[in-house]
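For reference, the structure I am asking about is given below.
Quick note: the coordinates plus some simple rules give every number you see, no bench work behind them. These figures come from a predicted structure and were not determined experimentally. Here the Cβ positions follow ideal geometry from the backbone for every residue, glycine too, while neighbour counts run over all protein chains shown.
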Amino acid sequence: MTGHRAVPGPPGTDAPAVLVRGLRKAYGRRTALDGLHLSVPHGTAFALLGTGSSGKTTALRVLAAHTPADGGRIRIAGYDPASDPRSVRDAAGLLSRAPAVDGRLTAEENLLLTPRLRRLPAPSARARAAGLVEQLGLTQAAAVPAATLSADLRRRLALAVLLAGEPEVALLDEPTEGLDAVGRRLVRGVVRDLAADGAAVVFTTRSPHEAARLADRIGVLHRGRIVAEGTREELLRLVPGGHIRLHFATAADLATAAGLFRLHTAEIDPAALSLQIPGDGSAGLVRAVLDVLDDARLVPRRLSVRSPGIEDAVTALTTAPPAGRAVPAGRAAAGGETRGDRWRRHSALAVTAAALLILALSAQAGPRFLLGALPVIALCAVPLLTTQARAGPRRRRDAPSPDRTGPP
């Protein structure tokens, strides 16, 4: 355990420890966060899972009041980073990927400089520092300058400094990146202990398996937005592809089994004598299938189960077409022609044909006939010209900007 009990929020509040609505942040033309929504209660470990360019680090820096937001509503432990950054920094600790420790000082000296420990009596502060050194496996490095430590140990020391502040909200940017097996085990234990002690932990990771292993809830971050959020089981239910495959000894057994499971999505493979039944691959589904076969006195020769993994879920969620970027229904293909385009093309042909016909008739009837026909030609052309004028801005508005990296 971390040895402290986090106090949830400022007095009189029961709001989530982290509350974010519509967070936006851009660097020039590059959109880092595009309408991020987030809610993390006290006592919860929340994983922001995404690639290296999804906006994870930017999100943590904004939440820690280290980087200003361009828009949106943010509350960290009840405080607004824009109007009260000092209170946010007192309540929240940020572990960045560059360890923020003084290389000239030892591990113990770095810890004793933490404001919270400096307010304690010297014996208590030293006892607390010694406990953190032991907890994160820094005992042998406690008396040497931090600059001489390995990257792994400096990372653990930076986490110990964060813990010394007893944060109500812990913001950890890829906390196990670059650590050895011992370091990963220790840091994972810290994450669990912080949440068990009542703190809200928001950590970033590029590993779906680490997110599933450590987090109570996972937010899949893609192009600055959370495209899906839930527990591991909830995310897996969003992805199809699980199934049970039954192999039989004879074609007659296969035909009988296919009649028992009359599903239009079931797949029969006569050559392999197998029947594939879609599902989540859970133990409950397997048990139900075997019960049906048992009632029919059918015994499969072999049974295999495939369940979509967390990596499958993340891949499916982050490779789907971005919301709002679907091709319009009237467009046959990329670069194809809309119904409006066809209407304008056909109208132009009709007006051109009518004009040629009138000119031909005027050649026989004389100039007076032509003067009388000109208003008719103009009247036919006005709707076409008006539609064309409206289509120009619409095309420019619908065309994707080459500089835009985030979703619309």
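Determine the sum of side-chain charges near Gly259: Lys and Arg each +1, Asp and Glu each -1, restricted to other residues whose C-beta is under 14 angstrom from that of Gly259.
Around Gly259, the surrounding residues sum to 0.
Ordered by packing density, taken as the mean number of other Cβ atoms within 10 Å over each peptide's residues, highest first, how do 124-136, 195-207, 290-302 rank?
Descending mean neighbour count gives 195-207, 124-136, 290-302.
Can I ask one more? Among bridges DSSP assigns within the stretch 18-231, what percent are antiparallel (round to 5)?
If I count the DSSP bridges inside the stretch 18-231, around 55 percent turn out antiparallel.
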